[in-house]
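Single-structure report; data block below.
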Amino acid sequence: MWRLNKVRHKAGRQGDSLEELRLQRREHERTLRQARRDRQLVSKRLLLNEDEEQQDIIMDTTPGEQDVVSLVHKLQHSGPEKEANLKALSKALQDPSAQLAFVKLENSVHLLVGLLTSSNAQCRLQAVRCLHELSHSPHKNVAPACLPATSYLLTYLSGPSTKFTELCLYTLGNICPDSDVVKEKLLAQGIIPALATCMENQRHNLAVVEAVGFTLSQLLQTKDAAEKIIPMVLASTLSSNLLSVLTPDPEFGLAPAIECAWCLHYLTCSSEDNRELLSRGALVQCSSLLVSLGRAVAEGNKDEGLELLVCPVLRCAGNLLSSCPVEDLSTQVGDVHLVVALCGLVQAYLHTQPALAREAAWVLNNLTAHSSEFCSALLTLNLVPRLLQLLPFSQGINTMILRILANIAHKKQEFCVQLTQLGLLSALCATLKMAEQEMVTLSLDVLFMLVVSSPQVAAEFVYQGGLSLLEAFQYNGEGERRRRATYLLEQHLLSY
Amino acid sequence: MLQPDMFQLMTAGDVSVRSCHEESPTVASEKQQQRRQSESEEENPFSFSPQRFHLHRDHELFEDGDIKRHMYLQDLYVSEAEDKPTRSVSEVACHISGCSSVFRTLEEYEYHYNSLHRHVCCSCHRSLPSARLLDIHIQEWHDSLFTILAQREDMYQCLVEGCGQKFRTRKDRKDHLIRIHKYPPDFRFDKPKKDKSRETKTQQQKDATMEVVDDVCESEGVCEVMCNMLSDQPEHEESMETHVSEEEAAGMAKPTKDLPAAAQGSDSTSSAPAKPQYSYRVPPAVCFGHGSVRGFRGRRGRRK
């Protein structure tokens, strides 16, 4: 049902073996993780020229710096073959060392800017393609060199040609995280209003929408985005337009929805007050989308890339839930079957992507923390047994699941009794023995709530051999657990 | 793996929202609140309350998803799961102080616990974490000779193996354990019993033995109740109390009520005179573990 457009795959370019590719990918992943730890996780996107064959790129072994210099000379002398030269230049600029050489040449960028504003449409297209290649450069100095072109690129955002607009957008998106200077300049030149207008006018052109989403996401990830950029974005039409694209189009595929979802994530995670977005129905949208996605995943939908959308939508939902007033929860979430979807997502991704499963569990926690309604739904929709089965798994999933169960127990005495009937006590006897400290302490807390709820529960716990388990805790090295176990034994269990 | 305290961000709105919510509870949850609040007077250590977590962009939980996102942007995305199977099941750990064993399965853990930590006192069915502590427990709590000797000599051994020091009172031993062996002062040692005679006993027990380290008589309350269950004799309970109060009385001025008289009588009932002391270690059912084996070593003899 939902496709992911996989036109641009770097793998094709090099023709390496599968194993080599895997190794490269793992290496890349390591680099990215380190970059994230350094708070420097930034990516650029390259829009491949669909006119060109992949073969061409491989066979045209990189022309090298010399060609760049000669091409620039040719272009500066206004020859008749401007278009051809430009095209050749754009190919040459695919090579990083050529990119470096290019920006070192005097007035090279100004040359491009001039061609960017030429009356010849083809020239304009090729010129922007050159700029796009430059913007994608791995060298730190190259992309900022495109600065002189930005005001023009912004103007062209409202132009008629889709391909052209896309290139402009991706170029802008690539260069804005490179330096603060560039970012400030772009903001001063009005990039946010320009993006808003572009998206408003081209809402039905999903390729452009995807590009706007990408560029906006780049801006939203910059350092002071919360103070400088986000208020502007929230005040504009961008947030409503982002929400309207959230549900993926079956024809076009997932990509635009993915970009917009990430933008929304950057918006919701940067502030603990999401009133603006809540009032525009962000949580309503995210919830219903999660219900559809959950259903799709549960039905075994093998659509590629679904998790790329599930992830940011989960995060939006999670953070919106944490700031949504409790009394509005029912209206904002709408469908109580969200709990089913979330449980389904946890189970579906448990083994393949445990981090994603953990995020889904986090959302479920935020949903149930202060709502009797959703806690009750977990019981009536028979989801508790499934939750209990998730308790053995580590990497943070079990603590979150146990929190959810604790949320339920905390609400009502009847819930405690029901939980006991569903087997929570025996599950606790196992979780009390786990290595993870937080699990053990939480288990004791939950046990307390259950035991206090009714004498039957306390008796049942004793019957299951819980006393000796707690006694063992009295020799525990950790004070918190000692105290809890002792308290439970003395105050509540000794009469059984 | 998540660290216990990783969720530190909480919305300010969350706190106020929570209190709003609690202002209009249903009847059932009101009762729930009351039940839990009444706990607080007795130093309820339980602190769970439902919480919503707002996660900032750089949160650890988001790392994997961010990486995938950027791999996708850089055209490195692959849909099939990477080769390493990522399912991991939580490990089981032995929580006994000083024992840091970790196990993959519950079975391994049970085996470990039953062989090393299940030293069961056959009088009170209390489980002690080591043979040595079981010995000391039996000696101090189920041996009337000990009580008598303790009035004249330093009988309370230091619990640390190899130290060898002995003390006149539990309190002295406790102080020693805290001062010299750096035991945490809140490590429960003796607890006040929860019953009718608690009020009077509490003070004494607290003064003398509260917050002494380690286990030996940590079980005192449980011990007595268990005995109660087993022997079905209310006086039995009293006799245990007696042991306590006598020892306390040694150091304190406060007398206990009528117990000294009862003590003599109950003493004989509690310790079946015909049986040698060490047989307390022999349970009605067969005992696995070191406890029962050691019960037959020479050391027991001197208790007679």
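Miscellaneous remarks
- Net charge over other residues, Cβ less than 14 angstrom from the Cβ of A:ARG37 (K, R count +1; D, E count -1): -2
- With coordinates expressed along the principal axes, the C-alpha atoms belonging to the stretch A:55-184 extend over 35, 32, 32 Å, beginning with the largest.
- Dimensions in Å of the stretch A:199-250 - Rg and Dmax from alpha carbons: 11.5, 36
- Relative contact order of chain A, defined on C-alpha pairs under 8 angstrom at six or more residues apart (%): 9 percent
- Cα→Cβ-extended label distance, 7 Å offset, between A:ARG37 and A:ASN201, nm: 4.6 nm
- Taken across both chains, chains B and A shield about 9900 Å² of accessible surface from a 1.4 Å probe.
- Calculated FRET value between A:GLN464 and B:THR105, using beta carbons and R₀ = 25 Å, to 0.05: 0.80
- Note on chain A: helix-only mean residue ellipticity at 222 nm, from DSSP H runs of 4+ residues weighted -39500 (n - 2.57) and normalised by residue number, equals -20000 deg cm²/dmol.
- Other protein chain Cβ atoms within 10 Å, averaged over every residue that makes up A:272-281: 2
- The simple spin-label model puts a point 7 Å past each Cα toward its Cβ; for B:ASP175 and A:TYR152 those points are separated by 9.0 nm.
- Per residue of A:467-474, other chain Cβ atoms within 10 Å of the residue Cβ number 6 on average.
- Cα-based Kirkwood hydrodynamic radius, the stretch B:61-176, one decimal, Å: 19.1 Å
- At the listed q of 0.08 Å⁻¹, the Debye profile of chain A, built from one uniform point per Cα, gives log10 I(q)/I(0) equal to -0.61.
- Around B:GLU110: net Lys/Arg minus Asp/Glu count, Cβ-Cβ under 11 Å: 0
- The share of alpha-carbon pairs in the stretch A:369-493 lying farther apart than 19 Å comes to 43%.
- Sorting the segments A:315-327, A:443-455, B:157-169 by their residues' average number of neighbouring beta-carbon atoms within 10 angstrom, most packed first, yields A:315-327, A:443-455, B:157-169.
- Protection proxy ranking, peptides A:190-197, A:88-95, average beta carbon neighbours within 10 Å, highest first: A:88-95, A:190-197
- Alpha-carbon Rg/Rh ratio, for the stretch A:163-236, with Rh computed the Kirkwood way: 0.94
- Estimated FRET transfer efficiency when R0 is 41 angstrom, pair A:ASP335-A:THR162 (beta carbons, to 0.05): 0.70
- Residues in the stretch A:475-496 occluded by at least 50 Å² - accessible area, probe radius 1.4 Å, against chain by itself: A:TYR475, A:ARG482, A:ARG483, A:ARG484, A:TYR487, A:GLU490, A:GLN491, A:LEU494
- Normalised by the number of residues in the stretch A:306-453, the average gap of Cα pairs under 8 Å and 6 or more apart makes the relative contact order 20 percent.
- Here the stretch A:180-276 has an Rg and Dmax of 12.8, 40 Å, counting Cα atoms alone.
- Amide H contacts under 5 Å for B:VAL89, placed H, 5+ residues apart: A:SER394
- Table column - 3J(HN,Hα) (Hz), the stretch A:154-159, Karplus curve with 6.51, -1.76, 1.60, x for Gly and Pro: 5, 4, 6, 5, 9, x
- DSSP H segments from chain A that extend 18 Å or more along their own axis, Cα-based, with Kyte-Doolittle mean of 1.6 or above: A:206-220
- Shown is the FRET efficiency for A:ARG295 and A:SER240, computed with R0 = 30 Å from the Cβ-Cβ distance and rounded to the nearest 0.05: 0.70.
- Under-5 Å amide H pairs with A:LYS44, H placed in peptide plane, nonlocal only: none
- Per residue, the convex hull spanned by the alpha carbons of the stretch A:248-349 comes to 95 Å³.
- Length-normalised contact order of the stretch A:391-452 in % [C-alpha pairs under 8 Å, at least 6 apart]: 37 percent
- With the simple spin-label model, which puts each label point 7 Å out from Cα in the Cβ direction, the A:HIS351 to B:CYS163 separation comes to 5.2 nm.
The values are calculated or read from the model by the stated rules, or taken from the named source; none is laboratory data. Values in this document were obtained by computation on a predicted structure and should not be read as measured data. Because the Cβ atoms are built from the backbone with ideal geometry, glycine has one as well, and the counts that use them run over all protein chains shown. We work out accessible area using only protein heavy atoms, side chains counted, and drop any ligands, DNA or RNA first. Shrake-Rupley method; radii C 1.70, N 1.55, O 1.52, S 1.80 Å.
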